[in-house]
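S.K.: Just dropping this structure here.
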Amino acid sequence: MALRTDKIYPLSGEAGNGGGIIQVKFAHREGAFSFSSNSSTTYKTVLTCSITPQSSSNKIFIHASGDGVANRGGGEWEAWLGLNANATANNADPTSWTTLAMMTGLGSWMGGSSEQYSIGTYGVNYLHHPNTTSNTNYSIICNRKTAVYWNNEFTGSNPRGTTITLWEVAS
C-alpha cells in the first residue's frame with residue numbers, strides 16, 4: 001500500500017459524506033500579555049494564522065481559542081474572528097477587517113476596582129467559504145476598552161495559550 005500525500009481519495013471525500021481535509025494550518029501564542037486603553041476605537045491583533053486554499057470551491061473550518069483571558073476591575077472588552085485584517089502581526093493595530101464571528105461579545109462591563117471578571121477560555125468555531133486560491137488571513141482581534149489579559153491564568157509546567165487552527169475542507 002502506498003502512502004499518498006497532498007491528495008484526497010476520493011477527491012470529494014466519501015460519497016454522501018462531504019469532503020476530506022486537504023491541509024491544516026496552526027498558529028499558537030504562549031506567554032502572558034495584555035492590552036490597555038481607554039478608547040473604544042483601539043484594536044489589537046492577538047494572533048493570525050494564514051492558509052492558501054488549493055481550490056476556490058473549498059471551505060475553511062476555523063477554530064480560534066483564547067485561554068486564560070481575564071479582565072480585572074470592570075470595564076469592557078470584545079474579541080472577534082477577523083478576515084484579512086490590514087495589520088496581522090501580533091500586537092499590531094488593525095483598522096480594517098471583515099468580522100466573521102464574535103469570540104466574546106461584551107466581556108466584563110460591570111464596575112469594580114478589585115474584582116476579577118471574565119476569567120476563562122473563549123473560543124469560536126466557524127466554517128468559511130473564502131471563494132479564492134489566494135493567501136487568506138484569519139486573526140483574533142481584540143478591542144481594548146480597558147485592560148484585558150491573555151494567557152494569564154494558566155502558568156507553570158503546562159501553560160495554555162491562544163491558538164488558531166485552520167482546516168481546508170474539500171467541497
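S.K.: Name the residue that is nearest to Ser50 (Cα to Cα), counting only residues in region 100-118 that are at pLDDT 75 or above and open to solvent by less than 70 Å² (accessible area, probe 1.4 Å).
M.R.: Step one: list which residues in region 100-118 are at pLDDT 75 or above, which gives 100-103.
Next, only the ones that are open to solvent by less than 70 Å² (accessible area, probe 1.4 Å) stay: 100-101, 103.
Values: Leu100: 15, Ala101: 17, Met103: 18 Å.
Only one residue tops the list, namely Leu100.
S.K.: In region 1-39, what residues are hydroxyl-bearing (Ser, Thr, Tyr) and modelled with pLDDT of 80 or more?
M.R.: Step one: list which residues in region 1-39 are hydroxyl-bearing (Ser, Thr, Tyr), which gives 5, 9, 12, 34, 36-37, 39.
The answer is Ser34, and nothing else.
The values are calculated or read from the model by the stated rules, or taken from the named source; none is laboratory data. These figures come from a predicted structure and were not determined experimentally. Just the protein is used for accessible areas: all its heavy atoms, side chains included, with ligands, DNA and RNA removed. Shrake-Rupley method; radii C 1.70, N 1.55, O 1.52, S 1.80 Å.
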